Amino acid sequence: MRDERVFQGTPVQIVRAMQDIAFGVERLSLSEYIDWVVANALRIESIALRVQGTTDEEKAASLVDEMLREGMATRG
């Protein structure tokens with residue numbers, strides 16, 4: 001991630017690790033958290049993440065791919 005934290009694992013594990021360090025999102029489901037990340041990326045950084053999928057696994061994989069595509073994260 002941009003703050004140089006390193007997350008490893010499956011996309012779901014990565015997104016859950018991101019959620020674990022985020023403030024005020026403890027009660028969100030994984031899908032809700034992904035939607036929150038997408039909304040904040042647009043609102044704060046003017047980056048439109050095009051997350052697709054219907055399951056947590058699909059949405060998490062799409063979020064990780066989009067963050068990599070937009071330069072919000074890098075592969076280690």
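All of Ser62, Ser31 fail the test of being open to solvent by less than 50 Å² (accessible area, probe 1.4 Å), modelled with pLDDT of 95 or more and in contact with an Asp or Glu (Cβ under 8 Å, 6 or more places away or on another chain), apart from Ser31. Looking only at the stretch 49-59, residues that are open to solvent by less than 40 Å² (accessible area, probe 1.4 Å) and not in a loop (DSSP other than H, G, I, E, B) come to 1 in all. Against the definition (at pLDDT 95 or above and assigned to a helix (DSSP H, G or I)), how does Leu68 come out, yes or no? It is true that Leu68 is at pLDDT 95 or above and assigned to a helix (DSSP H, G or I). Please determine whether any residue of the stretch 14-27 is exposed (fewer than 11 other Cβ atoms within 10 Å of the Cβ), small (Gly, Ala, Ser) and not in a helix (DSSP H, G or I). Looking for residues that are exposed (fewer than 11 other Cβ atoms within 10 Å of the Cβ), small (Gly, Ala, Ser) and not in a helix (DSSP H, G or I), one finds at least one in the stretch 14-27, hence yes. Quick check: anything in the stretch 40-48 surrounded by 19 or more Cβ atoms within 10 Å (Cβ to Cβ), closer than 21 Å to Asp20 by Cβ and without any contact (Cβ under 8 Å) to a residue 40 or more places away in the chain? Among the residues of the stretch 40-48, at least one is surrounded by 19 or more Cβ atoms within 10 Å (Cβ to Cβ), closer than 21 Å to Asp20 by Cβ and without any contact (Cβ under 8 Å) to a residue 40 or more places away in the chain, which makes the answer yes. When the stretch 28-48 is filtered for residues that are assigned to a helix (DSSP H, G or I) and among the polar types (S, T, N, Q), the ones remaining, listed by number, are Ser31, Asn40.
The values are calculated or read from the model by the stated rules, or taken from the named source; none is laboratory data. Every value quoted in this text rests on a predicted model; they were computed, and no experiment measured them. Quick reminder, even Gly has a Cβ in these numbers, built from the backbone with ideal geometry, and neighbours come from all protein chains shown. For accessibility, only protein heavy atoms count, side chains too; no ligands or nucleic acids. Shrake-Rupley method; radii C 1.70, N 1.55, O 1.52, S 1.80 Å.
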